[in-house]
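Notes to accompany the following structure.
The values are calculated or read from the model by the stated rules, or taken from the named source; none is laboratory data. The shown structure was predicted, so the numbers you read here are calculated from the model rather than taken from an experiment. All Cβ positions, even for glycine, are placed from backbone atoms using ideal geometry, and neighbour counts span all protein chains on display. For accessibility, only protein heavy atoms count, side chains too; no ligands or nucleic acids. Shrake-Rupley method; radii C 1.70, N 1.55, O 1.52, S 1.80 Å.
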Amino acid sequence: MRNILFITSSLMGERSKSSQVAAELVTTLRRAGVTGSVKERALTPENMPHLSLETLGALGVPADQRSAVQQSKVTFADSLIEELEGADVVVLAAPMYNFTIPTTLKAWLDHVARAGRTFRYNEKGQPIGLLKNKKVYAVVSRGGYYGGDDPVGAGEFQETYLRHMLRFIGLEDVTFIHIEGQAVGLEAAEKGVALARSEIKETVLAVAA
Ligand SMILES: Cc1cc2nc3c(=O)[nH]c(=O)nc-3n(C[C@H](O)[C@H](O)[C@H](O)COP(=O)(O)O)c2cc1C
């Protein structure tokens, strides 16, 4: 009875390839025996604010001294972390925007990376991730191709950044599913989605079993 947190971040709503393939992945996981709850969080610029000084400040105020506005900021930030803590499997859908992740997903990461809760520094100043025992599947879509020998040289700061940031908060077991060639033409786009689906069959089913 493992629980899934399903996060999408494309601006394209139901037309989003990363969201569609990630939804298929969730279905695949459920068929493979991940039968707990599924909590969906569709990040949009309307519902995912940037981390603000007001929120940072509110987090430092003792609970019984917070104003109503401060409390609502803390409640929102806490709810994002609680959703993450309550998940055994996280399915993350992220298009590449200007070589990296959408700003909504960055804002979500800014809210869930909290000292003492999801990470801490040891006495040597090294970061220790505090989230444990979670499997992450990240479905990343791109207009072009970034799978060569030198992804960073090619401008790949989406998977590279996500992998680093997730590890920082303790999410080390991450499987990436790639949807490439989405801006190259219809045929290439369809091939990119088909390849992602076969990655799900090969990788996800093997890991979920
Ligand atoms: C604002 C914006 C920026 C983009 N930047 C890049 C980019 O830097 N590199 C790239 O390969 N594709 C880029 N694309 C193309 C998307 O990554 C591609 O269409 C992807 O499939 C979108 O995922 P979605 O269908 O889940 O929305 C960009 C698209 C948009 C809308």
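Observations on the model:
- Efficiency of FRET from Cβ geometry, Thr35 and Arg167, R₀ 25 Å, rounded to 0.05: 0.35
- Solvent-accessible ranking of Asp64, Asp149, largest area first, probe 1.4 Å: Asp149, Asp64
- When both bridge partners sit in the chain, DSSP labels roughly 15% of those beta bridges antiparallel.
- For segment 176-194, there are no residues whose amide N sits under 14 Å from a probe point set 7 Å from the Cα of Glu14 along the beta carbon direction.
- You can think of it this way: the chain between Leu195 and Ser79 has 38.3 nm of extra reach, that is 0.36 nm per residue less the Cα-Cα gap.
- Potential lengthening between Phe99 and Tyr121 on full extension [0.36 nm per residue; Cα-Cα distance subtracted]: 5.0 nm
- Taking only protein heavy atoms and a 1.4 Å probe, the accessible area of segment 4-208 is 54% carbon and sulfur.
- Length-normalised contact order for segment 4-208 - Cα pairs under 8 Å, 6+ apart - percent: 23 percent
- For segment 90-104, 3J(HN,Hα) per residue [Karplus equation, 6.51 cos²θ - 1.76 cosθ + 1.60, θ = phi - 60°, Hz, x = Gly/Pro]: 10, 10, 10, 10, 9, x, 7, 10, 6, 6, 9, 7, x, 5, 5
- For the chain, the alpha-carbon coordinates run over 59, 39, 37 Å along the three principal axes, in decreasing order.
- Student exercise, the chain dipole from Lys, Arg, Asp, Glu Cβ charges, in Debye to nearest 20: 400 debye
- Helix-derived mean residue ellipticity, 222 nm - over the chain, DSSP H n ≥ 4, -39500 (n - 2.57), to 500: -11500 deg cm²/dmol
- For Ala93, distant residues with modelled amide H under 5 Å away: Ile7, Thr8, Ser9, Val139
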